[in-house]
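Visitor: The structure follows.
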Amino acid sequence: MIRLVARRLVGALLVLWAVATLSFFALKATPGGPFDRERQLSPEVKRNIERRYGLDRPVWEQYLDEIGRLARGDLGQSMRRPYSVAEIIAQGFPRSLALGLAALALAAAAGLGLGVLAAARRGTWVDRAAMAAALVGVSVPAFVLGPLLIQWLSLRLGLFPAARLEGPASLVLPAATLSLVYVG
């Protein structure tokens with residue numbers, strides 16, 4: 001058992017290393033840089049920014065530095081905001097956690113409820129309706145369902161806020177969108 005866990009951990013570390021390496025070199029292979037879309041910078045300012053982020057060093061040094069930082073759990077500094085990437089993730093984590101838990105609770109309640117109802121009324125229209133709902137839930141992608149729910153339940157009927165965090169009602173549409181595939 002310990003050998004299996006050790007193999008899985010080593011495999012996970014190898015996958016993380018491969019993803020980090022492929023991502024690093026894919027970004028280096030794309031044309032342009034992180035500051036090319038900004039207003040035209042003077043060469044001196046551009047050199048200073050590149051020096052600040054280590055972009056003036058050889059690619060192999062940048063790669064080793066990046067892998068070393070990732071191994072220590074340091075995700076680096078945002079080039080657009082004055083925060084570290086870990087701080088940006090931490091700012092959104094409570095809302096993401098609340099949304100994920102709401103979607104999980106909704107999926108479990110609706111999925112179990114529909115399943116029990118369909119099993120109790122096997123062969124009736126209730127069973128067929130539950131199967132149709134499951135088929136729709138599995139077939140309709142979230143990027144299609146989300147805007148449809150906003151259009152109908154927010155903009156036309158005014159039942160839920162379309163945007164902004166305005167209490168528990170704000171979680172209903174996103175949680176429903178995320179949970180529908182699991183309900184199915």
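The values are calculated or read from the model by the stated rules, or taken from the named source; none is laboratory data. It should be emphasised that the depicted structure is a prediction, and the values quoted were computed from it without experimental measurement. So basically every Cβ, Gly included, is an ideal-geometry build from the backbone, and we count neighbours across all protein chains shown. SASA here: full protein model, heavy atoms, side chains in, ligands and nucleic acids out. Shrake-Rupley method; radii C 1.70, N 1.55, O 1.52, S 1.80 Å.
Visitor: Which angle between 0 and 90 degrees, to the nearest 10, do you get for helix 2-29 versus the longest principal axis of the chain when only C-alpha atoms count?
Guide: 60
Visitor: Modelled label-to-label distance, Gln62 and Ala108, 7 Å Cα→beta-carbon offset: nm?
Guide: 4.5
Visitor: In addition: Among Ala129, Phe143, Gly100, whose Cα sits farthest toward the positive end of the charge dipole of the chain (+1 at Cβ of Lys/Arg, -1 at Cβ of Asp/Glu, about the Cα centre)?
Guide: Checked the options; the winner is Ala129.
Visitor: Relative to the compact-globule scaling 2.2 N^0.38 Å, provide the ratio for the alpha-carbon radius of gyration of segment 1-155.
Guide: Relative to the 2.2 N^0.38 Å estimate, segment 1-155 comes out at 1.63.
Visitor: Follow-up. Quick one: with all protein chains in place, what share of the accessible area of segment 53-184 is carbon or sulfur, to the nearest percent (1.4 Å probe)?
Guide: Here carbon and sulfur together make up 69 percent of the probe-accessible area.
Visitor: Follow-up question, since we're still on this one. Rank these by accessible area, largest first, 1.4 Å probe: Ser42, Ser170, Ser139.
Guide: From most exposed to least exposed: Ser139, Ser42, Ser170.
Visitor: Cα centroid distance between segment 123-142 and segment 99-122, in Å?
Guide: Segment 123-142 and segment 99-122 have Cα centres separated by 12 Å.
Visitor: Pull up all non-local amide H partners of Leu75: gap of 5 or more, or a different chain, and H-to-H distance under 5 Å with H placed in the peptide plane.
Guide: Ala86
Visitor: Treating the angle as unsigned and between 0 and 90°, give the value, to the nearest 10°, between the Cα long axis of helix 43-52 and the longest Cα principal axis of the chain.
Guide: Between the helix axis and the principal axis of the chain, the angle is about 70 degrees.
Visitor: Label segment 20-110 by shape, choosing from rounded, prolate and oblate, from the square roots a ≥ b ≥ c of the eigenvalues of the Cα gyration tensor; if a/c is under 1.5 it is rounded, and otherwise prolate applies when a/b is larger than b/c, oblate when it is not. If you can, show how the numbers build up before the last one.
Guide: Working: a/c = 2.61, a/b = 2.04, b/c = 1.28.
Prolate is the answer for segment 20-110, as a/c is 1.5 or above and a/b outweighs b/c.
Visitor: Testing the spin-label approximation: label points 7 Å from Cα along Cα→Cβ at Val126 and Arg80. State their distance in nm.
Guide: Going by the 7 Å Cα→Cβ label model, 5.0 nm.
Visitor: Oh, and also: For the chain, with every protein chain kept in place, what is the accessible area per residue (1.4 Å probe, Å²)?
Guide: Here the per-residue accessible area is 75 Å².
Visitor: Quickly work out the Ala162-to-Asn48 label distance, labels modelled 7 Å from Cα along the C-beta direction, and quote it in nm with one decimal.
Guide: Here the modelled spin labels are 4.4 nm apart.
Visitor: By how many degrees, 0 to 90 and rounded to 10, does the Cα axis of helix 125-139 deviate from the longest principal axis of the chain?
Guide: Here the helix axis deviates by roughly 10 degrees.
Visitor: From largest accessible area down, sort Leu75, Leu13; use a 1.4 Å probe on the protein chains.
Guide: Sorted descending by solvent-accessible area, the residues read Leu13, Leu75.
Visitor: Also: Pairs of Cα atoms under 8 Å, at least six residues apart: use those to get the relative contact order of the chain, whole percent.
Guide: Dividing the mean separation by the residue count of the chain yields 19 percent.
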